[in-house]
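Undergrad: Please read through the structure below; I'll follow up with questions.
The values are calculated or read from the model by the stated rules, or taken from the named source; none is laboratory data. Predicted model, so just to flag it, every value in this text is computed and none were measured. Heads up, the Cβs are rebuilt from the backbone with ideal geometry, glycines too, and the neighbour counts pull from every protein chain shown.
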């Protein structure tokens, strides 16, 4: 096998849209924040499924439209269960906000999300617990650092989703590269070519 770099066909601009992430972090609108970050989690599922749904499988299985079905199919294809638990909680929060007019984030939901994200420590050795997470709103409040658990539920939600994406995205890229390498090796000659 050659020492060529492994090329992985993933559209990272779709996987992590910086404009969407920044807008979610900078907005005061809870619903806007939740919808934007829910979209990023859904895009993660779409990208993951795109690595699995290839010919000839696509003759029998198409990507579903609904988030919960995308998640179920991703899990069936091996999407890690700790990731699925976070995605499911994000979707639950999004659905409750979207379907109840005038509703805002609730502390117990966001706390559960933070606890679910904390379980990702099993997926990454360098995982930093939610209690230590913080960020700066560079456009809105330069110099002001906001930490998880200080009472701002929108910030806590955003930090939890950022932490999730920070573990899930590299994992999916690594997995896609490993699968591509395995695919290449399976097509490599098993004996020396005649001279």
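Undergrad: Determine if segment 16-26 includes at least one residue that is surrounded by 14 or more Cβ atoms within 10 Å (Cβ to Cβ), closer than 25 Å to residue 180 by Cβ, modelled with pLDDT under 95 and under 17 Å from the mean Cα position of the chain (by Cα).
TA: Scanning segment 16-26, I find at least one residue that is surrounded by 14 or more Cβ atoms within 10 Å (Cβ to Cβ), closer than 25 Å to residue 180 by Cβ, modelled with pLDDT under 95 and under 17 Å from the mean Cα position of the chain (by Cα), so the answer is yes.
Undergrad: Separate question: Collect the residues in segment 47-81 that are within 20 Å of residue 117 (Cα to Cα) and part of a loop (DSSP other than H, G, I, E, B), keeping them in residue-number order.
TA: Answer for segment 47-81, where residues must be within 20 Å of residue 117 (Cα to Cα) and part of a loop (DSSP other than H, G, I, E, B): 78, 79, 80.
Undergrad: If you don't mind, there's one more thing I want to ask. Is it true that residue 80 is free of Cβ contacts under 8 Å to residues at least 60 places away in the same chain and closer than 16 Å to residue 44 by Cα? Break it down into steps so the answer makes sense when it comes.
TA: Numbers: free of Cβ contacts under 8 Å to residues at least 60 places away in the same chain: no; closer than 16 Å to residue 44 by Cα: yes.
For residue 80, the condition - free of Cβ contacts under 8 Å to residues at least 60 places away in the same chain and closer than 16 Å to residue 44 by Cα - is not met.
Undergrad: Out of 100, 69, 92, 36, report the one residue that is surrounded by 19 or more Cβ atoms within 10 Å (Cβ to Cβ), at negative phi and either free of Cβ contacts under 8 Å to residues at least 40 places away in the same chain or in contact with a strand residue (DSSP E or B) (Cβ under 7 Å, 6 or more places away or on another chain) (or both).
TA: It is 36.
Undergrad: Can you tell me which of (1) more than 14 Å from residue 168 (Cβ to Cβ); (2) modelled with pLDDT of 95 or more is the one residue 55 doesn't meet?
TA: (2)
Undergrad: Still on this structure, I have one more. What are the residues in segment 123-152 that are assigned to a helix (DSSP H, G or I) and touching a helix residue (DSSP H, G or I) at 6+ places or on another chain (Cβ under 6 Å), if any?
TA: Across segment 123-152, the qualifying residue is only 130.
Undergrad: Is it the case that some residue within segment 159-182 is touching a strand residue (DSSP E or B) at 6+ places or on another chain (Cβ under 8 Å) and either part of a helix (DSSP H, G or I) or modelled with pLDDT under 90 (or both)?
TA: Taking every residue of segment 159-182 in turn, at least one turns out to be touching a strand residue (DSSP E or B) at 6+ places or on another chain (Cβ under 8 Å) and either part of a helix (DSSP H, G or I) or modelled with pLDDT under 90 (or both).
Undergrad: To continue, here is another question. Among the listed residues 10, 49, which satisfies the condition of being within 18 Å of the chain's Cα centre (by Cα) and modelled with pLDDT of 85 or more? Spell out the reasoning first.
TA: Values: 10 fails: modelled with pLDDT of 85 or more.
When all the criteria are applied, what remains is 49.
Undergrad: Continuing with this model, one more query. Just name the residue that is modelled with the lowest pLDDT out of those in segment 103-122 that are outside any helix (DSSP H, G or I) and surrounded by fewer than 16 Cβ atoms within 10 Å (Cβ to Cβ).
TA: Within segment 103-122, the match that is modelled with the lowest pLDDT is 103.
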